[in-house]
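Here the structure comes first, spelled out in structure tokens, and everything after it is commentary.
The values are calculated or read from the model by the stated rules, or taken from the named source; none is laboratory data. All of these numbers come straight from a predicted model, not from anything done at the bench. Methodologically, a virtual Cβ is constructed for each residue, glycine included, from the backbone with ideal geometry; neighbour enumeration extends over all protein chains shown.
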Amino acid sequence: PTNHLRHVESMKTLLSGAGNISILNAVILGEALASEENDLVFPSEKFSVQAHVPSPEKYLEMYRRSIEDPAGFWADIASEFYWKQKWSEQIYYENLDIRKGNIKIEWFKDGITNISYNCLDRHVEAGNGDKIAIYWEGNEPGFDGTLTYTQLLHQVCQLANYLKDIGVRKGDAVVVYLPMLMELPITMLACARIGAVHSVVFAGFSAESLAQRIMDCKPNVVITCNAVKRGSKTIYLKDIVDASLKESSQNGVFVDVCLTYENQSAMKREDTKWLDRRDIWWQDVVPQYPTTCAVEWVDAEDPLFLLYTSGSTGKPKGVLHTTGGYMVYTATTFNYAFDYKPSDVYWCTADCGWITGHSYVTYGPMLNGATVLVYEGAPNYPDPGRCWDIVDKYKVSIFYTAPTLVRALMRDGDQYVTRYSRKSLRVLGSVGEPINPSAWRWFFNLVGDSRCPISDTWWQTETGGFMITPLPGAWPQKPGSTTFPFFGVQPVIVDEKGVELEGECSGYLCVKSSWPGAFRTLYGDHERYETAYFKPFPGYYFSGDGCSRDKNGYHWLTGRVDDVINVSGHRIGTAEVESALVLHPQCAEAAVVGVEHEVKGQGIYAFVTLVDGVPYSEELRKSLIAIVRNQIGAFAAPDKIHWAPGLPKTRSGKIMRRILRKIASSQLDEFGDTSTLADPNVVDQLIDLADS
Ligand code: 6R9
């Protein structure tokens, strides 16, 4: 058997010894238990018996089949969807080994389908058209709306018809810069319906970042809204789009149409700046189109969307996902990892501007015909009890969020949680960064009343869907561990030479063989795709994460091992922040590292060398932070600027980030080997300036 199968066997032995009721009670009561083996949180019997995967044995049986007979395993699942034409005999083709030629991944080749059809029409035709597809909750309490599956289908068709009418064709890119209005999933599904490739840009990105993405994929149409309120702040999105379109046109990329939704609760149309030949109000055109629209049938390997993410260089990577494999994979992972039942009300707090919103606000849930809650506002507005207010209002049963929010709410105090019933909750979820055991326990004990398993899902923009995740009800959890791989996924931990490690180990997390939801390329740059992900450890997909595996086979993610930092679950390349800083005329050089942050997970710590003769000042510090906000977005603003007369470099001029990380986290006695430093005095200067 594979390495992982052996681990599962050892876990079974563990379970047979630990299934005693006193441990179970102690864990459920949240008592601190001394030994590691006792640090297991068991699902209740009541939960397990009703779960899709009720036991380790069942998991093992399904997992084994998914590895030994991937074709049979995935064909059975794929058959539940509508295919205009079935895929060819060979269900998948892959070459993940760079030594054997170009990297290529294909699933359900020659299959013809449409994901929008499978998200909408399929449910309506099955008689579920009256089921609520979207509950929408506005920023202001009391401001809300709903759409049934039939209504959602109609709205999607109207927009699809409009887009076709203005000339959007299969394969064309459409850039979307919208907040969490119902119009965001509507837009994604409308693009997919006509075979257009959506590129959703998180509406917290700056004009500069948006322009960069527009120039990369050259859409004819951008879809936005005039403004949005988040908490007590109003954000003028249309102004940001205007600035980005100005910039892109100066660089020769012209967008014909800017379709703008009038978000009346935030801004009136009269107050919106307008360019007549380009800007069109959504409400003036879209509702006039027919509510039916023939589907554009696409090949399983036709692109579905582009989503830019950060890498270790300054230029964001356009991750490209295709249709068939992504469809089957997001639907299946959603179903199992959340133990989804048709009666569930599901809420994922992620924004559709990130991969979590793509796979687990829109596609995964809707492929399952789920009722999805979409929340426009900030999770702590008007007070830190808002999430639980919403949970009670809609009887949310599956709540999926990020550790940064859990930690923030934990700090605000238990009274905001206990004020609400939360009785409807059944399953909790976590994503974006490692969840520390104390936050895990608070989430489990307080929010979920020790009743709801937590699915801590490890995955990435690149993987399309969950890779290592608990299956609630199947086995005990260890707070902070993402547990075991999903069906069809073969994670391996390798050392720096790329040798697969066995048993209890720690190293670089890679994946052997493809899975249906894997990304197929980086848009316009297949070479970078190969170099960044498949060259570091030949034969494997390299995730960029560190990971250890304990003696029971549980996986523990330890964070990025590349120059990417994770701030509140958002991936930010240190090089991106550095490139922004050096645009400042008084900044000579910058080096950015991540530093532990109580709420955000990691904070951004920037060492800045000024141009000769420029004095340090508070004003300058502010303008350096402002330049990052303007270049990337507010979420990437440095938490700390550390003045640096010089940076620690090797004699060949390479910045020694290891030392900078130590200085940033005040671990001043642990520099390790500094003998390769070109000028050792630099370190002392930096320490002296730490608090200035
Ligand atoms: C889905 C998403 C991916 C990076 C990934 C890793 C971190 C995500 C995690 C986790 C520990 C988890 N990450 N989920 N680390 N435990 N459950 O977040 O995609 O924005 O591409 O970020 O996030 O470092 O490599 P993306």
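A few comments on the model shown:
- In the set Phe443, Phe466, Phe484, only one residue is within 16 Å of the ligand (Cβ to nearest atom) and touching a Ser or Thr at 6+ places or on another chain (Cβ under 6 Å); that residue is Phe466.
- Residue, farthest from Leu307 (Cα to Cα), within the stretch 519-562, restricted to residues that are touching a residue at least 60 places away in the same chain (Cβ under 8 Å) and hydrophobic (A, V, I, L, M, F, W, C): Trp556
- In the stretch 534-555 there is at least one residue matching the filter, namely being in a helix (DSSP H, G or I) and under 22 Å from the mean Cα position of the chain (by Cα).
- Taking the numbered list (1) modelled with pLDDT under 95; (2) surrounded by 18 or more Cβ atoms within 10 Å (Cβ to Cβ); (3) within 11 Å of the ligand (Cβ to nearest atom) in turn, Thr558 passes all entries but (2).
- In the stretch 130-186, the residues that are part of a loop (DSSP other than H, G, I, E, B) and buried (at least 18 other Cβ atoms within 10 Å of the Cβ): Gly138, Asn139, Val168, Asp172, Leu178, Pro179, Met180, Leu181, Met182
- Applying the set (1) surrounded by fewer than 22 Cβ atoms within 10 Å (Cβ to Cβ); (2) in contact with a helix residue (DSSP H, G or I) (Cβ under 7 Å, 6 or more places away or on another chain); (3) in a loop (DSSP other than H, G, I, E, B) to Phe466 leaves exactly one unmet item: (1).
- For the stretch 344-374, a tally of residues being within 16 Å of the ligand (Cβ to nearest atom) and surrounded by 24 or more Cβ atoms within 10 Å (Cβ to Cβ) returns 12.
- Yes/no for Tyr329 being assigned to a helix (DSSP H, G or I) and buried (at least 24 other Cβ atoms within 10 Å of the Cβ): yes
- Flag for Gly448 being over 22 Å from Ser548 (Cβ atoms), within 18 Å of the chain's Cα centre (by Cα) and among the small types (Gly, Ala, Ser): no
- Looking across the stretch 96-146, the residues that are touching a helix residue (DSSP H, G or I) at 6+ places or on another chain (Cβ under 7 Å), β-branched (Val, Ile, Thr) and farther than 29 Å from Pro70 by Cβ come down to Val124, Ile134.
- Sole exception among (1) within 16 Å of the ligand (Cβ to nearest atom); (2) acidic (Asp, Glu); (3) over 20 Å from the mean Cα position of the chain (by Cα) for Glu270, by number: (1)
- Flag for Ser232 being touching a residue at least 12 places away in the same chain (Cβ under 8 Å) and within 24 Å of Met180 (Cα to Cα): yes
- Residue satisfying condition, being over 15 Å from the mean Cα position of the chain (by Cα) and within 19 Å of Thr463 (Cβ to Cβ), within set Tyr326, Tyr346, Tyr336, Tyr363: Tyr336
- Ile565 meets all of the listed conditions (1) touching a residue at least 40 places away in the same chain (Cβ under 8 Å); (2) surrounded by 21 or more Cβ atoms within 10 Å (Cβ to Cβ) but one, namely (1).
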